[in-house]
Structure formats: structure tokens, C-alpha cells
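In what follows, a single structure is set out as C-alpha cells and then discussed.
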Amino acid sequence: MEEIIKICKHVIECMVNDNYELLEIEGALERVSERDIKRVLHEYNPDENIIIPPEEYYKKIYVNKYNDGSGYHVDVDLLYYSGRSDLTLQLDLRQKEENELEVIIDDLRVL
């Protein structure tokens, strides 16, 4: 679970810090583009930016292990200064060589 939380933190920090280039290099933007993520964030809440959640926030993420053991589906509600959002970052974490996980941003949705 530690590695999953570490990946979630990394993705959110990149989004907060507008560091989509790093996510692109890492292959996390295969399904959703930087432009689409920014558009959804702006359309959902044009007056406020997402923030980096406190440590305890990550205890509430939804993690579902794939039946074939290939990885995990993870849902993380985004956070604003005004509070928890129902805008959810959906991640696809896949097992790579040497038991490392690779991240792909699957979607941003209202759940």
C-alpha cells in the first residue's frame, strides 16, 4: 500500500505544480492529455486550484486489485482549500518488472 500512496502523491504533486512534462515522460498521460486534465479541472472549479492533501488524506483512497494480479485501480478524490471534492482522479497502476508499479492516469470524473 505504501507504493500505491507514494504514486498517488507523486501524480497529485505534479498536477498541483503544473509538472505535466514529468508525467508525460513517465508514460502517465497515455490515456488522458495534459490539456484534457486542465480543462476538466477548470470546468469543475474555475475559481480554485487543487492542493496537495495532508498525509492522513491518503488513508481514504479507494484501491481495487485486479483479479489477474496485474495491478490496481485507484480512485483519489481531489482536494481544494474549500474541502474534499467529488472530482476523482482515477489511476491504473500496472505491475512492471521487479515488482514496481507504473502509473497511467485513467480519468478525472465526478463520483
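Need the full-extension length gain, Val40 to Glu102, defined as separation in residues times 0.36 nm minus the C-alpha distance. One decimal, nm.
Contour length minus Cα-Cα distance gives 20.0 nm.
Roll a 1.4 angstrom probe over the protein heavy atoms and tell me the percent of accessible area of the chain that is carbon or sulfur.
Carbon plus sulfur share of accessible area: 43 percent.
Which translational diffusion coefficient, to the nearest whole µm²/s, is obtained for the chain from the Stokes-Einstein equation, given a Kirkwood hydrodynamic radius over C-alpha pairs, 4 °C and 1.567 mPa s?
91
Can you figure out the FRET efficiency of His10 with Glu30, using R₀ = 22 Å and their beta-carbon distance, to the nearest 0.05? It would help to have the intermediate numbers written out before the result.
Working: r = 16 Å, r/R0 = 0.74.
That pair, His10 with Glu30, gives E of 0.85.
Using Cα springs under 10 Å in a Gaussian network model of the chain, which residue among Asp68, Asp36, Asp86 shows the largest mean-square fluctuation?
Asp68
Within 10 Å, at most 15 other Cβ atoms, and a DSSP state outside H, G, I, E, B define an exposed site. Report the longest part of the chain free of exposed trypsin sites (Lys or Arg not before Pro).
32-95
Say a paramagnetic label sat at a point 7 Å from the Cα of Tyr80, along Cα to Cβ; which residues of the stretch 1-41 have their backbone N under 12 Å from it?
Within reach of a label on Tyr80, which here means backbone N under 12 Å from a point 7 Å along Cα→Cβ, the stretch 1-41 contributes 41.
Working from Cα positions, state the angle (0 to 90°, nearest 10) between the long axis of helix 2-16 and the longest principal axis of the chain.
Here the helix axis deviates by roughly 30 degrees.
What does the convex hull of the Cα atoms come to per residue for the stretch 65-111, in Å³?
On the way: hull volume 3.7 nm³, N = 47.
Convex hull volume per residue, Cα atoms: 78 Å³.
DSSP loop (so not H, G, I, E, B), at most 15 other Cβ within 10 Å: list which chymotrypsin sites (Phe, Trp or Tyr not before Pro) in the stretch 54-97 pass both filters.
Tyr66, Tyr81
For the chain, what is the accessible area per residue in Å², given a 1.4 Å probe and the full set of protein chains?
On the way: 6790 Å² over 111 residues.
About 61 Å² of surface per residue is accessible.
Arrange the residues Met15, Met1 by how much accessible surface each exposes, largest first, with a 1.4 angstrom probe.
So, going from the largest accessible area down, we get Met1, Met15.
The values are calculated or read from the model by the stated rules, or taken from the named source; none is laboratory data. Keep in mind that this is a model prediction, so the values were computed, not measured. Cβ atoms come from the backbone with ideal geometry, glycine included; neighbour counts cover every protein chain shown. To get the accessible areas, we keep the full protein, side chains included, count just its heavy atoms, and leave off ligands, DNA and RNA. Shrake-Rupley method; radii C 1.70, N 1.55, O 1.52, S 1.80 Å.
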